[in-house]
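As structure tokens, the structure follows; a few thoughts come after it.
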Amino acid sequence: MLGERVSILLVKSFDDVFDVTFTARLEEELDEIEEGKLPWRDAVREFWEKFVVDLAKAGDEMISYKAGIPTGKTCEKCGQGELLERISRHGFFLGCSRYPDCDFIQDMAPELVDDGESKTEYCENCGKEMLLKRGRFGAFLACSGYPDCKTTRRLVEGTRIAHQPDEPLEEKCTLCGNHLIKKHGRFGEFIGCSGYPKCKYTRPITMGIKCPKCNEGEFVRRGSAGKGGRGRPRVFYGCSRYPDCDFTTPYMPMPEPCPKCGAPFIVEKKSKIGTVHTCLKEGCDWEQLAPEAQPASAAQPEEATPVGAKP
């Protein structure tokens, strides 16, 4: 967006420089300089004499974003001032010409789309409307209930992240009796009440792997809006019976038995040698490279590719 506007202003004020005939002539002059037919100082002097005139003219005539570019639209708030297109460190916005008497501003983020349709989105935590805002890293959606609710949702190139439709379930909510639905949040799928936001019943979708600590709950994927090491989201896996059971692991559980000790599941994690599959059971040192991390020539059956004991 910024590059497009800068390009328009430059072409308008330096039309002779951006003209294709100028580029063609410049190529010819460079060839003549290389062949010794044209002194380079003469070529630079000829260009500079024209350019300095354009530069002075642009300084007087080029529209300034600092002062604001008139749009011909009337301010929605005061009904008197004209909306001006301006720029800040967070991008382009519209502001009233009567500022500071009128403080109306409107974001100029790219048009948002959601499955080809524009529709209001609501906060998955408190049910209030999500608003488009701009930050140091671009546009994002934020809950209108801020600061009581700090829910945000990122945008990809000015477009809403593809919205996945809710999936109705036969099961009913234990709080209000409405049907439950499978929803999609920032950290994956979860079960929620169709009566939301009046009924805020939710529960995570389990991974079908029993917790090794209590042997009653199942693993669920959890996370927080904060950032972990190197700016990555804090994602971990814990027992669905939390807080009664506080077992967690940062490694993704996989429903495959350990080929060495027979533990009901293994986990996938990153290591210095790449992605590996390993056993979490105490006393078991089984570990191997994940199939996708192995060279094609080295692919072996699971039990035949150990990479050594864990430290």
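The values are calculated or read from the model by the stated rules, or taken from the named source; none is laboratory data. Since we're looking at a predicted model, the values are computed, not measured. Here the Cβ is made from the backbone with ideal geometry for all residues, glycine too, and neighbour counts use every protein chain on show.
From (1) surrounded by 11 or more Cβ atoms within 10 Å (Cβ to Cβ); (2) of a type outside the set (Phe, Trp, Tyr); (3) in a loop (DSSP other than H, G, I, E, B); (4) at pLDDT below 70, pick out the condition that doesn't hold for Arg134.
(3)
Output the residues belonging to the stretch 264-293 that are part of a strand (DSSP E or B) and among the basic types (Lys, Arg).
At the first step, the residues of the stretch 264-293 found to be part of a strand (DSSP E or B) are 266-271, 274-278, 287-289.
Those that are part of a strand (DSSP E or B) and among the basic types (Lys, Arg): Lys269, Lys270.
Going through the stretch 77-129 one residue at a time, which ones are aliphatic (A, V, I, L, M) and modelled with pLDDT of 85 or more? Reasoning before the result, please.
Taking the stretch 77-129 and keeping what is aliphatic (A, V, I, L, M), we get 83-84, 87, 94, 105, 108-109, 112-113.
Answer for the stretch 77-129, where residues must be aliphatic (A, V, I, L, M) and modelled with pLDDT of 85 or more: Leu83, Leu84.
Please note which strands (runs of 3 or more DSSP E) are completely contained in the stretch 173-214 and include at least 3 residues that are modelled with pLDDT of 85 or more and either among the small types (Gly, Ala, Ser) or over 26 Å from the mean Cα position of the chain (by Cα) (or both). Before you say what the answer is, go through the steps one by one.
On the way: elements: 179-185, 188-193, 202-204, 206-210.
In the stretch 173-214, 206-210 are the strands (runs of 3 or more DSSP E) which contain 3 or more residues that are modelled with pLDDT of 85 or more and either among the small types (Gly, Ala, Ser) or over 26 Å from the mean Cα position of the chain (by Cα) (or both).
Could you list all residues from the stretch 15-39 that are within 20 Å of Phe51 (Cα to Cα) and outside any helix (DSSP H, G or I)?
Scanning the stretch 15-39 gives Asp15, Asp16, Val17, Phe18, Asp19, Leu38, Pro39.
Of the conditions (1) farther than 30 Å from Arg86 by Cβ; (2) modelled with pLDDT under 85; (3) aliphatic (A, V, I, L, M), Val6 clears all except one; give me its number.
(1)
Let me spell it out: the conditions are (1) more than 18 Å from Pro197 (Cβ to Cβ); (2) among the hydroxyl-bearing types (Ser, Thr, Tyr); (3) at pLDDT 80 or above, and Thr159 meets all of them except one. Which number is the exception?
Unmet for Thr159, out of (1) more than 18 Å from Pro197 (Cβ to Cβ); (2) among the hydroxyl-bearing types (Ser, Thr, Tyr); (3) at pLDDT 80 or above: (3).
Can you go through Cys245, Cys284 and tell me which one is at pLDDT 90 or above and crowded, with 17+ Cβ neighbours inside 10 Å?
Step by step, each of Cys245, Cys284 is checked, and only Cys284 is at pLDDT 90 or above and crowded, with 17+ Cβ neighbours inside 10 Å.
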